[in-house]
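The values are calculated or read from the model by the stated rules, or taken from the named source; none is laboratory data. If you're wondering where the values come from, they're calculated on a predicted model, not measured in any experiment. Cβ atoms come from the backbone with ideal geometry, glycine included; neighbour counts cover every protein chain shown.
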Amino acid sequence: MTSIQQVVLNSRPGKNGEPMAENFRMEEGCLPEALQEGQVKVRTRYLSVDPYMRCRMNEDTGVQYLLPWQVSGVVDGGGVGVVEESKHQQFQPCDVVTSFSWPWQSQAIVDGKVLTKLDPQLVDGHLSHFLGLVGMPGLTSLLGVRLKGHVKPGANQTMVVSGAAGACGMLAGQIGCLEGCSRIVGICGTDEKCQVLVSEMGFDAAINYKKDNIAEKLQGYCPGGVDIYFDNVGGDISNIIISQMNKNSHIILCGQISQYNKDVPYPPPLPPPTQAILKDQNITRERFMVFNYSDKHEAGLLQLSQWLKEGKLKIRETVVNGLENVGAAFQSMMKGGNIGKQIVLVSEG
């Protein structure tokens, strides 16, 4: 047997509790020496921690497409690694692979059916980008803007992005600009994040929701109103933005991180005054799930890779070293401690 390190769910935070690093614990595990037919042995390089995982910490996720993590069971999510041994015809040693159900382990034996082979050239060898820009966050941002944003080049549209310094928000703003929006305004939680958005990511303006008057700043930055809102947070921030949206405008409902520690349905219902604005202004607000558009994933990833190589999309990552720190990385991400994609580096080379 091969000894490995693994992370299991130690406890649940409760439906209305904030997740803590202590909700996870490290354990020693072991892998059998021999593979069964169809199995692949992988070494983990990078793990992804994402806001959607918060619901998996509850006994019931509240959605049909996600299963809850089990107490004392190994946690899983997005990951990238390298094949060490294979009894699956599609994979060879040294192949770079990914999965949405990657175990939080130093090494793992998995069914080859859950793996997808990756081409490192798409990200110029930066494998962590497969969990961000050229991965699910990138696809979510690209397809969300294209399918739900209704961007019309030359129409002088203004896009506002909440959670703008996170993995999806940072990309959504840049993609909105590439697709034809004339003004991009981001909302985030620190002055440093605001500076990154404007100086590095090409946003026209950024608002620090923790110290600025959001309504006043929006009126100044968006004098013609808001045409497209890429919503990552929900709650009070979204209510303020919606109050300044134009007639026949569009909300891209990507996430609601401000509501994830509350026992409410997803997407959470809007307050009656905000719901009335949606109706009166004929604002679309449809739930967006990237998994529903799998036929567009391959072309989307190629587009994202091309923009990355051309320098048209910039990327920031917050990298934490060590499998033992994945719980702390998750806690920090849920509190906005990351700039760009939150990544955990498990092994080098």
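Quick notes
- Exclusive hit being touching a residue at least 40 places away in the same chain (Cβ under 8 Å) and closer than 26 Å to residue 45 by Cβ, set 135, 144, 149: 135
- Restricted to the range 1-68, the set of strands (runs of 3 or more DSSP E) holding at least 3 residues that are more than 21 Å from residue 130 (Cβ to Cβ) comprises 2-9, 24-31.
- So residue 100, is it surrounded by fewer than 18 Cβ atoms within 10 Å (Cβ to Cβ) and touching a residue at least 24 places away in the same chain (Cβ under 8 Å): yes
- The single condition among (1) in the same structural domain as residue 36 (by TED's automatic domain parsing); (2) outside any helix (DSSP H, G or I); (3) of a type outside the set (Ser, Thr, Tyr); (4) farther than 30 Å from residue 30 by Cβ that residue 108 does not meet is (4).
- Evaluation of residue 176 against the conditions (1) closer than 18 Å to residue 286 by Cβ; (2) touching a residue at least 60 places away in the same chain (Cβ under 8 Å); (3) crowded, with 24+ Cβ neighbours inside 10 Å shows that the sole unmet condition is (2).
- Among residues of the range 303-322, those that are in a loop (DSSP other than H, G, I, E, B), crowded, with 18+ Cβ neighbours inside 10 Å and not hydrophobic (A, V, I, L, M, F, W, C), counted: 1
For (1) assigned by TED's automatic domain parsing to the domain that holds residue 107; (2) of a type outside the set (S, T, N, Q); (3) free of Cβ contacts under 8 Å to residues at least 24 places away in the same chain, each residue gets a yes or a no:
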{"position": "275", "(1), (2), (3)": "no, no, yes"}
{"position": "278", "(1), (2), (3)": "no, yes, no"}
{"position": "286", "(1), (2), (3)": "no, yes, no"}
{"position": "297", "(1), (2), (3)": "no, yes, no"}
{"position": "308", "(1), (2), (3)": "no, yes, no"}
{"position": "322", "(1), (2), (3)": "yes, yes, no"}
{"position": "328", "(1), (2), (3)": "yes, yes, no"}
{"position": "333", "(1), (2), (3)": "yes, yes, no"}
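- Failed item, numbered, when residue 288 is tested on (1) over 30 Å from residue 20 (Cα atoms); (2) in contact with a helix residue (DSSP H, G or I) (Cβ under 9 Å, 6 or more places away or on another chain); (3) hydrophobic (A, V, I, L, M, F, W, C): (1)
- Applying the condition of being under 22 Å from residue 214 (Cα atoms) and among the small types (Gly, Ala, Ser) to the range 150-166 and asking which residue is farthest from the chain's Cα centre (by Cα) yields 162.
- When the residues of the range 31-75 are filtered to those that are exposed (fewer than 13 other Cβ atoms within 10 Å of the Cβ) and hydroxyl-bearing (Ser, Thr, Tyr), the one that is farthest from residue 168 (Cα to Cα) is 72.
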